[in-house]
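Scroll down for the structure; my scribbles are underneath it.
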Amino acid sequence: MNLHVYLHIPYCYKKCPYCSFISYEKSFDTKQNYLNTLIKQIENFFAFENEYIIKTIYIGGGTPSLLKFNEIKSILDTLKKNRISKDCEITIEINPNNATKSYLEQLKEIGINRVSLGIQSFIPKKLLFLGRLHTANQSFKSIENAIEFFDNTSIDLIYGFEDFRDFQEDLHYALTFPIKHMSAYILSIEKGTQFYKQNIYLSEENIEKQFLYLVKFLKANKIYQYEVSNFSKKGFESKHNQAYWQNYNYIGFGVSASSFINGIRFKNTNKLSEYIKKISENNSPIDYKEKLSTNKKIKEAFVLGLRTIKGVNIKSFNQKNNCDVEKLYKPQLLKHYNLKTLKKVNGSIKIATTKKILISNYILSDFI
């Protein structure tokens with residue numbers, strides 16, 4: 001049985017004002033204890049669950065690249081004691097200020113084969129607004145270094161708050177490099193973040209204009225949208241992210257990490273000290289667990305499928321979930337067909353137009 005693995009590294013040099021993830025600024029005194037605990041959680045899991053073949057590994061955060069390469073190697077070596085597929089995609093998120101040639105070369109040597117660079121922008125004033133610690137020059141240099149060692153290099157950009165010309169400039173800068181993948185996120189003002197407290201306002205008109213340009217510009221450069229916020233060259237779609245959207249089994253190791261295995265969803269505690277204490281005492285770090293009903297599994301699979309550009313293939317969806325999705329969602333589908341927010345094309349249900357993707361949360365809420 002295939003399994004996809006997420007590893008959460010919750011430490012940061014500085015928490016960004018838009019970040020709502022569980023992360024800790026400069027709490028490095030607990031780092032070694034945390035990494036030992038993370039390794040122990042991995043060992044505990046696979047001691048009882050040894051039938052899995054690991055298909056993807058994703059190291060996220062936080063800022064995973066603040067770890068030394070030997071610390072990352074220790075974690076990967078623990079996973080490699082289990083069955084890993086020959087084509088396993090192993091991704092790590094890297095901050096541009098950490099992406100030196102020597103560090104990247106070491107990561108490649110220990111088995112990393114995909115890097116995701118947290119560029120966010122190439123423009124100094126945007127980086128300053130976003131509270132990023134790296135410079136525009138480091139944005140450029142990090143990509144230059146990464147593509148020397150990794151054919152599969154992805155970058156993150158954040159947009160929706162700047163003027164249109166700056167946004168165009170960022171995209172043009174990005175495509176001066178032969179990148180294979182881009183995750184482009186509209187700046188989200190999440191409750192509890194610094195930006196939320198500052199009442200940062202975003203123009204919907206500006207967001208729409210930028211999003212439509214983004215899709216068109218990348219497509220013209222043969223980088224195709226395959227999910228709401230993700231774009232890639234053909235064959236370079238993120239295998240790990242696709243596992244989430246296709247409801248495959250995945251396990252999350254680390255504080256706050258979520259998992260979904262055989263229809264059961266569970267999540268580790270959000271509290272760092274509690275996570276370390278529970279595992280050190282040989283107790284489970286899980287503080288939430290839910291066995292999904294058949295109906296809820298179908299709903300989640302359908303909603304996740306609609307987030308992708310291919311949409312939901314009716315025949316394969318019905319076979320996999322033993323249902324009749326058109327009958328199950330007849331009123332909702334009729335409503336959205338009439339509103340022209342959804343369409344049925346070649347046996348698949350999908351969001352009707354690129355513009356309608358911007359209101360995907362509204363559309364999907366009718367199916368939850």
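Percent of alpha carbon pairs in the stretch 71-145 separated by more than 14 Å?
The calculated P(r) of the stretch 71-145 puts 64 percent of pairs beyond 14 Å.
Which GluC sites (Glu not before Pro) from the stretch 239-320 combine a DSSP loop assignment with at most 14 other Cβ atoms within 10 Å?
281
Under a point spin-label approximation (7 Å from Cα along Cα-to-Cβ), what is the residue 282-residue 365 distance to one decimal in nm?
Result for the modelled spin labels: 4.9 nm.
Positive end of the dipole of the chain, charges at C-beta (+1 Lys, Arg; -1 Asp, Glu), about the Cα centre: which of 298, 128, 94 has its Cα farthest in that direction?
The listed residue farthest towards the positive side: 298.
Once you've got the GNM for the chain with C-alpha springs shorter than 10 Å, pick whichever of 210, 319, 106 has the biggest mean-square fluctuation.
Among 210, 319, 106, the largest mean-square fluctuation in the Gaussian network model of the chain belongs to 319.
With a 1.4 Å probe and all protein chains kept in place, how much accessible area does residue 19 have, in Å² rounded to the nearest 10?
30 Å²
When the Karplus curve 6.51 cos²θ - 1.76 cosθ + 1.60 is applied with θ = phi - 60°, which whole-Hz ³J(HN,Hα) does each residue of the stretch 359-365 get, with x for Gly and Pro?
Listing the rounded values in order: 10, 4, 5, 5, 4, 5, 4 Hz.
Only residues of the stretch 245-277 count here: report those whose backbone N is under 11 Å from the spot 7 Å along Cα→Cβ of residue 1, or say none.
Within reach of a label on residue 1: 249-250, 261-264.
How big is the accessible area of residue 202 in square angstrom, nearest 10, if you roll a 1.4 angstrom probe over the protein chains?
30 Å²
Taking the Cβ-Cβ separation of residue 198 and residue 271 as r and a Förster radius of 35 Å, what is the calculated FRET efficiency to the nearest 0.05?
So the FRET efficiency works out to roughly 0.85.
State, to one decimal in nm, how far the label point of residue 326 lies from the label point of residue 21, with both points 7 Å from Cα in the Cβ direction.
4.1 nm
Sort 208, 144 by heavy-atom solvent-accessible area, probe 1.4 angstrom, most to least.
Descending accessible area places them as 144, 208.
Could you work out the relative contact order of the chain, using alpha carbon pairs under 8 angstrom and six or more residues apart, expressed as a whole percent?
This gives 15 percent for the chain.
I want to check the label-to-label distance for residue 344 and residue 51. Put each point 7 Å from Cα in the C-beta direction and report it in nm to one decimal.
Reported label-point gap for residue 344 and residue 51 is 3.8 nm.
Taking only DSSP H segments of four or more residues, each worth -39500 (n - 2.57), what value at 222 nm results for the chain once the sum is divided by all its residues, to the nearest 500 deg cm²/dmol?
Using -39500 (n - 2.57) per qualifying helix, the result is -11500 deg cm²/dmol.
Using Cα pairs closer than 8 Å and at least 6 residues apart in sequence, work out the relative contact order for the stretch 25-90, in percent.
It comes to 50 percent, rounded to a whole number.
Which one, 273, 214, 179, is farthest towards the positive end of the dipole of the chain when Lys and Arg carry +1 and Asp and Glu -1 on their Cβ?
Going by the charge dipole, the pick is 214.
Roughly how far apart, in whole Å, are the Cα centres of the stretch 44-70 and the stretch 313-368?
35 Å
For the chain, modelled as a GNM with alpha-carbon contacts under 10 angstrom, which of 188, 116, 142 fluctuates the most?
Maximum fluctuation in the GNM of the chain, among the listed residues, is at 188.
The values are calculated or read from the model by the stated rules, or taken from the named source; none is laboratory data. If you're wondering where the values come from, they're calculated on a predicted model, not measured in any experiment. All Cβ positions, glycine included, derive from the backbone under ideal geometry; neighbour counts span all protein chains shown. Each accessible area value is taken on the protein alone, full model and side chains, heavy atoms only, with ligands, DNA and RNA left out. Shrake-Rupley method; radii C 1.70, N 1.55, O 1.52, S 1.80 Å.
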